[in-house]
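The values are calculated or read from the model by the stated rules, or taken from the named source; none is laboratory data. Computed from a prediction, not measured in an experiment: that's the story for all the values here. For neighbour counting, all protein chains shown are included, and Cβ atoms are generated from backbone atoms with ideal geometry for every residue, glycine included.
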Amino acid sequence: MSARPDLESTDRSELGLLEAEVVDHVFHLSPGYAVFLGLHRYDGRVPDLSASATAEWVAHSLRLLERLRAVPEDRLSEPRRLDRMLLELLLESSLFDLTESFDLERNPMSFVGAVSLTSYMVREYAPLADRVEAMVRALEAVPRLMAQGRARLRPELPKPFVQLAISMGGGLPSHFAEAEEAARRGGAELGGRVAAARAPAEVADLDFLHRLREEWLPRAVDEFALGAERYQRLLWVREGIRTPTAEVLASGRADLARNQARLKEIARGSVPPVTVEALLEGMYRRHTTAANLVPQAQAFVNETREFVEAQKLVTIPTPSSCRVEETPSYGRALSTASMNPPGPFDVAGDEGIYFVTPVDPTWSPERQEQWLRSMNDPMLRNITVHEVYPGHYLQFLHFRRGAASLTRKVYLSASFTEGWAHYAEQLAVEAGLGAGSPEAEVAQLHDALLRDCRLIASIGLHTGGMSLPEATQLFQREAYFEALPAEREAVRGTFNPEYFCYTLGKLAILDARTKFLAGAFGGSLRAFHDRLLSFGCPPVGLLETLLSGA
């Protein structure tokens, strides 16, 4: 299997040649990931998820691992030794999904979630006709993909997986409709091409959903847990962490206790003193109007950028520009806000797109008010810190410029990316964001409690026998969530145990700051953060090694 031309590097060593082959091999299984990174040679591809194709992929992965491990260590510099380890983890991570957690046999979301046309709509990296061609190729692959799902899935599936796949798949027709609408901006012919490919794709999707409802849902089971051994393995293949799960859990519980204590301290210090619930209620009431939600988010983008520069927290690479848009309709059911950053290979510029989910005018007045309460001003500012400055958008600007090798341009640790953005929330409050108003810290602590409970629920659900009702109660009791959002958070933990990444990554960065800030960086936060972001997005288990220069 030869490497793609845009994956060639100047390193013609044994590892350099193998590096390009490994990366291309990974992208054959995950072409959408390559497109997200800006590698548009993979546009329009949908993976072949048949049993025979993935068996061949697994076999070749094992051969590549043997070849990687056979490269003599004394021929590699320290940075290239790290790259070899990251390449191994790239392969091991996908092998885990295929051969240890058996995602393609257990989780129908693997199939309905394998098609995304978002990148072709939101970024003008190529003429519209070229992007429409990619949409058409992807849509034409949907019937095959759904047939592979029907053939591979076991008779009995975890009930939450089936229910969520039905929900996700139900959003695909509107996603396809958005693609057709985008294509029609280039004329009737382009729109017609998408429409022709869209029709059989929707039929295949709806048939798959019908079968999930009628065949799989009635016999679905409650079993979903990875188990202790596979969970420990997950920590390694995703984050290079050997720390026992029990210690990870203890660190999460300790962070939860710290954040709860601080929130109670703020409530007691109010004039007059109030309960935590009353403190949060006051925050919820401070919201803008439905019409002003996106402009308010844009104002917070400008404010947080100026704040980061004034406080010299981290370098903001230039050029940089981030615009706020409403979340596309197909993504609104699962997203409050999100960042679409420029990838490290993207040639369309450095602009970020910050999506904020608006109020739906068809909602009842009561539901509209609930949404605005959840997007209150302190929370929206905190979300903006997470998504834009100094969170994800700033991080990806560094990622575009700093990744020193092909491997580091394609390796994305969830705990580093989400951990940095979550750490950024605490960093901003520490530096005085919100002009000393306690509400800025209350919003930050509110989100920190949620992320702490995610880590605790993940480990409990998958290794400790925690039930869904118990996980729901955890979010209600410890993070002050109401029943419905608490239940949704608990259900998410069944299929996404890696939502531990926010707290896990934040704690790793805080630990590294404690150990290295004073000695190695003379107390300069900007120097520490710039160095941290220069590594790309490595596994958090390697942060101390990288910062020590070992």
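Out of (1) under 22 Å from Tyr42 (Cα atoms); (2) assigned to a helix (DSSP H, G or I); (3) touching a residue at least 40 places away in the same chain (Cβ under 8 Å), the odd one out for Arg80 is which?
With (1) under 22 Å from Tyr42 (Cα atoms); (2) assigned to a helix (DSSP H, G or I); (3) touching a residue at least 40 places away in the same chain (Cβ under 8 Å) applied to Arg80, the lone miss is (1).
Report, by residue number, each residue of segment 353-386 that is β-branched (Val, Ile, Thr), touching a residue at least 60 places away in the same chain (Cβ under 8 Å) and either not assigned by TED's automatic domain parsing to the domain that holds Arg408 or not in a helix (DSSP H, G or I) (or both).
Across segment 353-386, the qualifying residues are Ile353, Val356, Val359.
Residue under question is Thr304, and the condition is that it be at negative phi, at pLDDT 95 or above and in a loop (DSSP other than H, G, I, E, B); does it hold?
On the way: at negative phi: yes; at pLDDT 95 or above: yes; in a loop (DSSP other than H, G, I, E, B): no.
No, not satisfied.
Can you tell me which residue is farthest from the chain's Cα centre (by Cα) among those in segment 329-344 that are part of a loop (DSSP other than H, G, I, E, B) and surrounded by 19 or more Cβ atoms within 10 Å (Cβ to Cβ)?
Filtering first and then ranking leaves Pro344.
Across segment 277-288, what is the number of residues that are buried (at least 18 other Cβ atoms within 10 Å of the Cβ) and touching a Phe, Trp or Tyr at 6+ places or on another chain (Cβ under 7 Å)?
Looking only at that region, the number is 1.
Go through segment 505-525 and count every residue that is within 27 Å of the chain's Cα centre (by Cα), aliphatic (A, V, I, L, M) and surrounded by fewer than 18 Cβ atoms within 10 Å (Cβ to Cβ). Walk me through how you get there before you give the answer.
Residues of segment 505-525 that are within 27 Å of the chain's Cα centre (by Cα), as a first pass: 505-514, 525.
Now narrow it down to the ones that are aliphatic (A, V, I, L, M): 507-510, 512, 525.
After this cut, where a residue has to be surrounded by fewer than 18 Cβ atoms within 10 Å (Cβ to Cβ) as well, the list is 510, 525.
Total meeting the criteria: 2.
If you go through segment 26-75, how many residues are polar (S, T, N, Q) and not in a loop (DSSP other than H, G, I, E, B)?
Here the count works out to 3.
Evaluate the following for Ala414: is it within 20 Å of Leu256 (Cα to Cα) and crowded, with 19+ Cβ neighbours inside 10 Å?
In short, no.
Can you find even one residue in segment 437-453 that is outside any helix (DSSP H, G or I) and closer than 20 Å to Arg305 by Cβ?
The answer is yes, given that some residue of segment 437-453 is outside any helix (DSSP H, G or I) and closer than 20 Å to Arg305 by Cβ.
Mind telling me which of the residues Phe475, Phe416 ends up being touching a strand residue (DSSP E or B) at 6+ places or on another chain (Cβ under 6 Å) and either part of a helix (DSSP H, G or I) or modelled with pLDDT of 95 or more (or both)?
Result of the check over Phe475, Phe416: Phe416.
Give me a count of the residues in segment 230-250 that are under 21 Å from the mean Cα position of the chain (by Cα) and assigned to a loop (DSSP other than H, G, I, E, B).
Counting residues in segment 230-250 that are under 21 Å from the mean Cα position of the chain (by Cα) and assigned to a loop (DSSP other than H, G, I, E, B) gives 2.
Among the residues of segment 103-158, which ones are of a type in the set (A, V, I, L, M), surrounded by 22 or more Cβ atoms within 10 Å (Cβ to Cβ) and touching a strand residue (DSSP E or B) at 6+ places or on another chain (Cβ under 8 Å)?
Leu157
Please go through segment 459-497 and give me each residue that is surrounded by fewer than 17 Cβ atoms within 10 Å (Cβ to Cβ) and under 21 Å from the mean Cα position of the chain (by Cα), ordered by number.
The answer is Pro485, Arg488, Asn496.
Name the residues in segment 95-142 that are hydroxyl-bearing (Ser, Thr, Tyr) and farther than 14 Å from Ser30 by Cβ, would you?
Thr99, Ser101, Thr118, Tyr120, Tyr125
When you look at Asp222, is it within 30 Å of Thr245 (Cα to Cα) and over 25 Å from the mean Cα position of the chain (by Cα), yes or no?
Values: within 30 Å of Thr245 (Cα to Cα): yes; over 25 Å from the mean Cα position of the chain (by Cα): yes.
Here the answer is yes, as Asp222 does meet what is asked.
Looking at segment 298-314, can you tell me whether even one residue there is in contact (Cβ under 8 Å) with a residue 12 or more places away in the chain, in contact with a strand residue (DSSP E or B) (Cβ under 8 Å, 6 or more places away or on another chain) and surrounded by fewer than 19 Cβ atoms within 10 Å (Cβ to Cβ)?
yes
So which pairs qualify, if the first residue must be in segment 329-352 and on the phi < 0 side of the Ramachandran plot, the second must be modelled with pLDDT of 90 or more and of a type in the set (Asp, Glu), the Cβ gap must be under 6 Å, and the two must be at least 6 apart or on different chains?
That search, which allows pairs on different chains as well, returns Tyr330/Glu178; Ala337/Glu387; Met339/Glu387; Pro342/Asp350.
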